Amino acid sequence: MIRDNRQFKTIACAGGLDLESNPLKIAAGRLIACKNYSVKSGGGYSRISGYEAFDGQPSPSESETPETARALIQAVPGEGDILGVWIYAGKVYAFRNNAGSTEAKMFESSAAGWAEVVTGVALSPGGKYEFANYNFYGATSAAKMFGVDGVNKGFMFDGTTFTQLSVPGETDKPQHIAAHKNHLFLSYPQGQYLHSSIGEPNDWDAATGGAGSAGAGDDIVGMQPTVGGALAILMRNRVSVLYGSSQADWQANDLRGQESQSGAIEGTIQDVGGDLVYLDDRGLTSMRQAQSFGNFESATIDKPVRTLIKKRKDKVITSLISRSTNQYRLILDHPLGTEVIALTFGDNGAEGFTQHLYPFKATCACSLEDSDGVERIMVGAADGFIYELDKGRSFNGEDIESYIKLSYDNLGMPKHNKRFRSAQMSLDTSSQLTLRVKPDFDYGSSEKSGHRVVDGNVIGGGALWGGGNWGEFTFGAQLYGESDIDISGTARNMSLMIHHKGSDTLPFTIYDIITTYSMRG
């Protein structure tokens, strides 16, 4: 009997993109390129869900006739970009300039599509909206929606009545907003901010109600309450933390000394599980509350993709979080549409970066729970539509193209040739799908002959008895899908490119790959 000395190595798909490390030091299972995949918290790479246009009418992806339902969805009335989008009391609200761009209009979603909200005032056009929901009065039905846009007075809205805030001053055009410690905070150009009286978001009288104002010392780009009970005031070149509970004991401390010149880029600030994550000139940063003395420390967390993020920082549109996938998503302008750099978090912190690419031009976004406690991610676009992310199996009816390219794995022997024979992928999938796999050898050396593209057919969607619903799994299929790929190549290392394209495939996850090989001289 002839023995071929076959050996096996299991590669866990984890860690996400690594675009910085020396090729010999990139861990097996990391990525050197990807499109429309996410790192799954706990391990694996998941093809992302789709998106669809939204106006409050029935969801196309939940309809028996999705194309018919999709054709009924309308853009927000008006012209130009969506200026702001928000979720309040179970409805989605959007702002857009009217035809001619003489003023901005407010709309709410409904079962019949977008309906204009009567504001009672003419809103100046072209603002950049920012919002907060907060309950100042205790009753469960008393939460209100607050907003600013940099060109109009701030406002509050209770689902029926739109009221502009009566902040004194002729140039009352706040840019940023936060609700904190039962005060409403508004920020203005030149680093100025005001706060309302305690429990009264429209009382700005410092003499009688406890309202107040202060100067931050630099242009404010955002304000965000922290889990530790402080308010982070983020500026372009500084970060200050406001401690206390009222005008009687407010105390602002710089996160890092003024000489650090380290601040935040507007639109990138998000609360991720109690940590503030934001982009500054040094990279993506996490501000964590220290366990002692209530102080803060910060650290950049983008080492594997630092060069990529620094190149893209001038393309920032906004950011959001996805609670269901434990992700921070940085939304960027891209020649082909909208790029997303997604960072997944797990129990031990950051688990990895990936990239998404959407064909529309995003202008604003929000991520909030609806009245049923279901997270909804809404993105406003330059074409006047609101798109709901993480929804359905397609890109609004079009194919989702996705791929990952794994790092070159030398199997722990960088100088030795191996004969690569096969790769077996382990997947979690709810349906049958075909993946196209392209092996690549010795860092893509031109001296190595190219390998053919191999189709890997996967049948999954099985369920444990009693663990699934009829119609939601494939009867008789195995619990996890597997795909065997025949490979024929001799080289020192190998990378796999895994590609998929389709408009009717639920998200799937690739967990690991077993490589079969034999040693050569």
Inset, instruction - Report, by chain and number, residues whose modeled amide H sits under 5 Å from the one on S503, excluding near sequence neighbours (fewer than 5 apart, same chain). - result: I400
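Calculate the dipole size of the stretch 162-285 relative to its Cα centre from +1 charges on Lys and Arg beta carbons and -1 charges on Asp and Glu beta carbons; express the result in debye to the nearest 20. Don't skip to the end; give the middle numbers.
Details: 6 positive and 15 negative charges, 32 e Å.
Around 160 debye, computed over the stretch 162-285.
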Legend entry - Other-chain or far-sequence residues with amide H under 5 Å of H180's (modelled H): F185
Inset, instruction - Might you report the magnitude of the Cβ-based charge dipole of the chain about its Cα centre, with Lys and Arg at +1 and Asp and Glu at -1, to the nearest 20 debye? - result: 2400 debye
Inset, instruction - Grab every C-alpha pair in the stretch 182-241, bin the distances at 10 angstrom width from 0 up to the longest one, and report whole percents. - result: 24, 49, 26, 1
Inset, instruction - With N denoting the number of residues in the stretch 323-386, provide Rg(C-alpha) divided by 2.2 N^0.38 Å, to two decimal places. - result: 1.23
Legend entry - Extreme residue, positive dipole direction of the chain, given options G384, N133, Q270 (C-beta unit charges): Q270
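The chain: Rg/Rh from Cα coordinates, Kirkwood Rh?
Numbers: Rg = 25.8 Å, Rh = 25.2 Å.
My calculation puts Rg/Rh at 1.02.
Could the peptides 497-509, 85-97 be put in order, highest first, of the mean number of other beta-carbon atoms found within 10 Å of their residues? Don't skip to the answer; put the middle values down first.
Working: 497-509: 17.8, 85-97: 22.5.
For the peptides 497-509, 85-97, the packing ranking is 85-97, 497-509.
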Legend entry - Charged-residue dipole, Cβ positions (Lys, Arg, Asp, Glu), the stretch 1-146 about Cα centre, Debye nearest 20: 920 debye
Legend entry - the stretch 1-154, Rg to Rh (Cα coordinates; Rh as Kirkwood inverse mean 1/r): 1.21
Inset, instruction - Report, in deg cm²/dmol and to the nearest 500, the calculated mean residue ellipticity at 222 nm for the chain, where each DSSP H run with n ≥ 4 adds -39500 (n - 2.57) and the sum is divided by the residue count. - result: -500 deg cm²/dmol
Inset, instruction - Sort out for me the Cα centre separation of the stretch 163-187 from the stretch 188-207, rounded to whole Å. - result: 6 Å
Inset, instruction - Please name which of T300, F360, I331 has its Cα lying farthest along the dipole of the stretch 284-413 towards the positive end, using unit charges on Cβ (Lys, Arg +1; Asp, Glu -1) and the Cα centre as origin. - result: T300
Legend entry - Separation between Cα centres of the stretch 41-58 and the stretch 491-521, rounded to whole Å: 23 Å
Legend entry - Sum of side-chain charges, K313 neighbourhood, beta-carbon under 14 Å (Lys, Arg +1; Asp, Glu -1): 0
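What FRET efficiency would be calculated for the residue pair M413, K310, taking the C-beta separation as r and a Förster radius of 30 Å, to the nearest 0.05?
According to the calculation, E is roughly 0.30.
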Inset, instruction - Determine which aspartates and glutamates satisfy two conditions relative to K418: a Cα distance under 14 Å, and not lying fewer than 8 residues away in the same chain. - result: D4, D409, D440, D442
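Loop only per DSSP, at most 14 neighbouring Cβ atoms within 10 Å: give me the GluC sites (Glu not before Pro) in the stretch 64-142, ordered by residue number. Spell out each step's value before the answer.
Details: sites: E64, E67, E79, E103, E108, E116, E130; in loops: E64, E79, E103.
Passing both the DSSP loop test and the Cβ count: E64, E79.
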Legend entry - For the stretch 75-88, Karplus couplings with θ = phi - 60° (6.51, -1.76, 1.60), whole Hz, Gly/Pro x: 5, 5, x, x, 9, x, 5, 6, 8, x, 9, 7, 10, 8
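With N set to the number of residues, divide the alpha-carbon radius of gyration of the stretch 27-87 by 2.2 N^0.38 Å and report two decimals.
Values: Rg = 17.4 Å, N = 61, 2.2 N^0.38 = 10.5 Å.
Compared with the compact-globule rule of thumb, the stretch 27-87 sits at 1.66.
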Inset, instruction - Two decimals is fine: what is log10 I(q)/I(0) at q = 0.11, 0.15 Å⁻¹ for the stretch 346-439, from a Debye sum with one equal scatterer on every Cα and no solvent? - result: -0.60, -0.95
Inset, instruction - Kindly provide the Kirkwood hydrodynamic radius of the stretch 38-122 in Å, to one decimal, from all pairs of distinct alpha carbon atoms. - result: 14.9 Å
Inset, instruction - Quote the relative contact order of the chain in percent (integer), defining contacts as alpha-carbon pairs under 8 Å separated by 6+ residues. - result: 18 percent
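Past 23 Å, Cα to Cα: identify those pairs from K35/K310; K313/K361; K35/K361; K361/K405; K9/K303, in the order given. Walk me through the numbers on the way to the answer.
Details: K35/K310 19 Å; K313/K361 17 Å; K35/K361 17 Å; K361/K405 26 Å; K9/K303 27 Å.
Checking Cα-Cα distances, K361/K405; K9/K303 exceed 23 Å.
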Inset, instruction - Please say if the stretch 7-50 is rounded, prolate or oblate, where rounded means a/c under 1.5 for a ≥ b ≥ c the square roots of the C-alpha gyration tensor eigenvalues, and otherwise the choice is prolate for a/b larger than b/c and oblate otherwise? - result: oblate
Inset, instruction - Considering the options Y51, F107, G29, tell which one lies farthest towards the positive end of the dipole of the stretch 1-116, charges being +1 on Lys and Arg and -1 on Asp and Glu at the Cβ, about the Cα centre. - result: G29
Legend entry - DSSP-loop trypsin sites (Lys or Arg not before Pro) across the stretch 355-427, with at most 13 other Cβ within 10 angstrom: K415
Legend entry - Local net charge near M235, Cβ-Cβ under 11 Å (Lys/Arg +1, Asp/Glu -1): -3
Inset, instruction - Among the aspartates and glutamates, select those whose C-alpha is under 12 Å from the C-alpha of K173, and discard any that sit fewer than 8 residues away in the same chain. - result: D149
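Just so you know, all these numbers are worked out from the coordinates, no wet-lab data involved. Here the structure is a predicted model, which is why all the values come from computation and not from measurement. Because the Cβ atoms are built from the backbone with ideal geometry, glycine has one as well, and the counts that use them run over all protein chains shown.
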